[in-house]
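The values are calculated or read from the model by the stated rules, or taken from the named source; none is laboratory data. Since the structure is predicted, the reported quantities are computational estimates derived from the model, not experimental observations. Counting neighbours? That spans all protein chains shown, and the Cβs are built from the backbone with ideal geometry, glycine included. Side chains are part of the model used for accessible areas, which takes the heavy atoms of the whole protein and leaves out ligands, DNA and RNA. Shrake-Rupley method; radii C 1.70, N 1.55, O 1.52, S 1.80 Å.
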Amino acid sequence: MIKIGIFGRMKKIHLLLTGLSVTILLLSLNRFTSFTLSYLQPYDFLRWLDFNAMIPIPLLSILLYYFLLREVTYESSFKKTKLYIFLFTLFTVGVYLFGASSGNHEVTNYLNTRFCERGTIDSPLCNIIAYNDDEFSHLIYYLGFVFMNVVLLLMEYNMPRKKGMVKKDYIFVSLNALFIGLGIFANLAFEEIGIDLYVFGFLMVLSLYLLYSKKVVSKFPITYYFAVSYTIGVVGTSIFKLISNLQV
């Protein structure tokens, strides 16, 4: 008798999704603790806060997405199609934009916070820094983020798992999705509504549509994971905002 283990046949996917949950935890620790506020040398060129959010944490996220993509794809006739080539190219573009945005945002965020008082100083240099920090870097970040997510969803849509999830798989995937969903809620609910809510809302609708169109949820663990996490984050944030506005 073959012993499959607690994670079953989806061991790698469960471990990768747990890794994504860990990145959310690392981002929170990096952002909300005082240990990362010391400066790097020479010249105090960055805080550890900015360095961690620019290189190790996004690099870990990209690697996890890449290995998830490898788990989703397998030898099938779809890999010989032009659509597959297009999607893989789009994923590569998404990785580049995601990495470029991390570099652009963290450096300008550091400069904006330390020398421009978060955009309140009106000077040509500070206006450029603030625009890169608050506008341009966010745009290319979410563009790269959407590309990577959409590619994963469409790859799985065209190459569903041969063996579907069982009960314990649903439990593990749902727990990781809950963790990510709560992380999205924590970051969106207490800030002004911006492009981020619309991005997560789009990915929520897309993942729910793809699940509904196939009608076989068990063979689409990544799509199920996205659908649950983004629904928790977007719907939870929307309800919270609605209640908050009614109480004003």
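Out of everything in the stretch 201-248 that is open to solvent by 50 Å² or more (accessible area, probe 1.4 Å) and not in a helix (DSSP H, G or I), what residue ends up being modelled with the highest pLDDT? The selected residue is V216. Here the stretch 96-122 is the region considered, the condition is being of a type in the set (A, V, I, L, M, F, W, C) and open to solvent by 40 Å² or more (accessible area, probe 1.4 Å), and the residue that is farthest from K162 (Cα to Cα) is I121.
Scanning the stretch 63-77 for residues that are at pLDDT 90 or above and either more than 18 Å from T223 (Cα to Cα) or touching an Asp or Glu at 6+ places or on another chain (Cβ under 7 Å) (or both) turns up L63, V72. Of note, K168 does not satisfy the criterion of being closer than 23 Å to L68 by Cβ, open to solvent by 70 Å² or more (accessible area, probe 1.4 Å) and outside any helix (DSSP H, G or I). Total residues in the stretch 173-190 satisfying the condition of being open to solvent by 20 Å² or more (accessible area, probe 1.4 Å), modelled with pLDDT under 90, part of a helix (DSSP H, G or I) and not polar (S, T, N, Q): the figure is 1.
If you go through the stretch 65-77 and keep only what is touching a residue at least 24 places away in the same chain (Cβ under 8 Å), more than 16 Å from V93 (Cα to Cα) and open to solvent by 20 Å² or more (accessible area, probe 1.4 Å), you end up with F67, E71, T73, Y74, S76. Listed here are the helices (runs of 4 or more DSSP H) enclosed by the stretch 42-144 that have at least 3 residues being under 24 Å from the mean Cα position of the chain (by Cα): 48-54, 56-72, 82-115.
List pairs: first in the stretch 167-191 and among the small types (G, A, S), second open to solvent by 80 Å² or more (accessible area, probe 1.4 Å), Cβ under 9 Å, 6+ apart or cross-chain? Qualifying pairs under 9 Å: G183/L25.
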